[in-house]
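For reference, the structure discussed in these notes is given below.
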Amino acid sequence: MLKRLLRSRTVRALRWVLLLLLVATAFNVLGIHLLGDTLSWSRWLDNHRAYFLAWRLFLYGAIAYAWRRMRSRMAQGEQSPEALMRLRRAEIGAVLAILALEGATALSSA
């Protein structure tokens, strides 16, 4: 029972989220440690904002490319209108989430 629970999709997704949070925290702590204080780290992040934007755009492009490939494979296997509608909703949700994240980033840096 416990093994099945640990293998469930939800638990795996939570483990990935936790891992990403730990990595992000480690990078921030390392950056603060290397630059001496949080103000210097914040200034460094502001000075390199364009590079981070380019990185995010590259990642979004890679995700879009992978999604197109996966979508074409899924569309070949799933022909039901309900499945295609769920897929469309997932796509719209993903685009809205990315727009919200980038909008929040733009507003916080203004």
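The values are calculated or read from the model by the stated rules, or taken from the named source; none is laboratory data. Computed from a prediction, not measured in an experiment: that's the story for all the values here. Using ideal geometry, Cβ is built from the backbone for each residue, glycine included, and neighbour counts are taken over all protein chains shown.
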Go over the candidates A62, A83 one by one and state the one that is over 22 Å from S109 (Cβ atoms) and at pLDDT 85 or above.
A62
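Can you say whether G36 is surrounded by 10 or more Cβ atoms within 10 Å (Cβ to Cβ) and modelled with pLDDT of 90 or more, as far as the supplied structure shows?
Values: surrounded by 10 or more Cβ atoms within 10 Å (Cβ to Cβ): no; modelled with pLDDT of 90 or more: yes.
Here the answer is no, as G36 does not meet what is asked.
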